[in-house]
Structures are given as structure tokens and as C-alpha cells.
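Shown next, in C-alpha cells, is the structure this report addresses.
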Amino acid sequence: MDKERIKQLANYVHHAEKEKREIVKITAELYPELSIEEAYLVQEELVQQKLEEGKKIVGPKMGITSEAKMKQMNVDNPIYGYVFDDMIVEDGGTISVSDYIHPKVEPEIGFILKEDLEGPGVTALDVLRATEYVFPALEIIDSRYENFNFTLPDVIADNTSAAGAIFGTVLKRPETLELDVVGVTLSINGEMKALGAGAAVLGHPANSVARLANMLSEKEEKVKAGQPILTGGVTSAVHLTPGDYVHVKYGGLGDVSFLVTE
Ligand code: 0L1
Ligand code: MG
């Protein structure tokens, strides 16, 4: 795929994000043959465009990390993208649906490393040894594609639907928790809408960070110390509508909440 085509596809999703407008997936007509490798080139161009606009990368995020979702999309590997500074929402804060297309929320377990991790061959044990803190987080996903309808290359090119992140304020050392059995409940206006455990994320969220390090090593990049890393949804994602008060509780990791307005 030539540079012009990469730019065209990055512009296509970037404009949709800026204009909060849903678009037909790339593989429908524009470029049906888009491969996973090419999709990451489009994502890199999109990231570059955001950096040139003055936005800053906060940290990486992993997506499609549940076995059910990987099976459904017929893939062996999760995917990664990036959270930017303009996507951050304060814990206890408010979001407006008018700033998004069709937002959903999913609870995640975040990691902060004390040392860089460089693949290949990184294991969950390496991750836990390199982890300074784990923390509770929420991700707001907002696929730029109509009805969240996409193939794997489409969603990679769209920075894995990244649109928002809310970081909780409880920091715990990883050895103080068994992250695979940390339970999570997501309630909206007092009614439980989703629940899960850390094991929903590739068996253990540390596996997700290991997979990230190993995937990034293919581009000779590493997972950097100090950056918050989102490891993937612990429950299924839940649609957001005005009036929702979202409250998510994490066993041993506190809670995170926010309000949704028009
Ligand atoms: O963070 C995620 O798991 C989202 C990845 C993209 C899938 C989606 O938008 O549903
Ligand atoms: Mg996510």
C-alpha cells in the first residue's frame, strides 16, 4: 500500500472522529483488501496526525482481549491502539454524548510499569515483576464505523475505537491482589448492567501487557515505564445514554464513576 493510500485512509477515520460522524467501514468499498499489517500503518499515520495537532499519547490500550471476542472475530491475537490526552475524563466527572458518535463504556484494569518491557518472549511473570502499580479504569469506546460494524483491520485503522479513558485513584502493588479473580460490577443508575472478573482479559490482565510488549517488538518498540496501560475489557461494553450515572466497583481496587449528559 503506497503512502498516499495510507494517508487517505487515516484522513477518512480521523475526519469522522473529529466531526463525530459515523462512516462506512474501510473494507466495505474504499479498500476491501486492507490487511492487518496495512491497518497498523494507517493507525500509525492517524497517531502521527494527532501528534502533529499537539495531542499527546497518554499510554497504550489493548482491545479484543476476551476469548469470546477473539473467537467471534476469528483471530488469535488481540489488538492495540493509543489513548490521547484529550480523551481523559476525570473520575467522578461528566461526559456529554454529543462529544461522541455512539459511546460505550467498559471496565478495565490498568498497569503502570516501573521499567520498560521489550519483547519478544515477555511473559506474565515478567510483567508482574516490572509492574509498579495496578489501578481501576474505564474505557469509552466509540467506533467511528456505523453500528460498531467492522472487520479486524478496520478497527485497528480506527485506533481500536479509542475515545475516552477514566482512571481511578486507587493504586495497588500487583502482589497485593490476585488480578484474575478481581471481580468487577458495572451499574447504571443503581442497576447492575455487567459483571466480570480479571480472568476475562486473556486469563489474567498481565498476559495482556505481555502480548502488547511482544506485538510492539515486531516494530522494535517497547512498553514504556510510567505510562498507564489499559489491558482490555473485563465485562462486555455497555451503551451510554444521557442521564446515565455509571458506577463501577472493583474488588480490592475501589471504584470509578461518571455521569452522562446530552
Ligand atoms: O478496547 C476494546 O476492546 C475495543 C476494541 C474495539 C472493539 C470495539 O470497538 O468494540
Ligand atoms: Mg477497551
For labels at Ser257 and Thr176 in the simple 7 Å Cα→Cβ model, what's the distance in nm?
-> 2.2 nm
For Ile36 and Thr169 in one chain, what is 0.36 nm times their gap in residues minus the Cα-Cα distance, to one decimal in nm?
-> 44.4 nm
Rel. contact order, % - alpha carbon contacts under 8 angstrom, at least six apart, the chain | 27 percent
Against the rule of thumb 2.2 N^0.38 Å, how large the Cα Rg of the chain comes out | 0.95
Sorted by average packing, counted as other Cβ atoms within 10 angstrom per residue and highest first, what order do 228-237, 16-25, 208-217, 81-90 take?
-> 228-237, 208-217, 81-90, 16-25
Which value in nm describes the separation of the simple spin-label points at Met192 and Val24, placed 7 Å from the Cα toward the beta carbon?
-> 4.3 nm
Distance from the Cα centre of the stretch 117-188 to that of the stretch 57-89, in angstrom?
-> 7 Å
Which whole number in µm²/s is D for the stretch 30-95 by Stokes-Einstein, with the Kirkwood Rh taken over Cα pairs at 4 °C and 1.567 mPa s?
-> 92 µm²/s
Just grab the label-to-label distance for Gln48 and Glu67, each label 7 Å out from Cα along the Cβ direction, in nm (one decimal).
-> 4.0 nm
Roughly how big is the chain's charge dipole about its Cα centre, with Cβ charges of +1 (Lys, Arg) and -1 (Asp, Glu), in debye to the nearest 20?
-> 360 debye
Report, for the chain, the % of DSSP beta bridges that are antiparallel, rounded to 5.
-> 85 percent
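Every number here is computed from the coordinates shown, using simple stated rules; none is lab data. Please read these numbers as outputs of a predicted model, since none were measured by experiment. Positions of Cβ are backbone-derived with ideal geometry, glycine not excepted, and every protein chain shown enters the neighbour counts.
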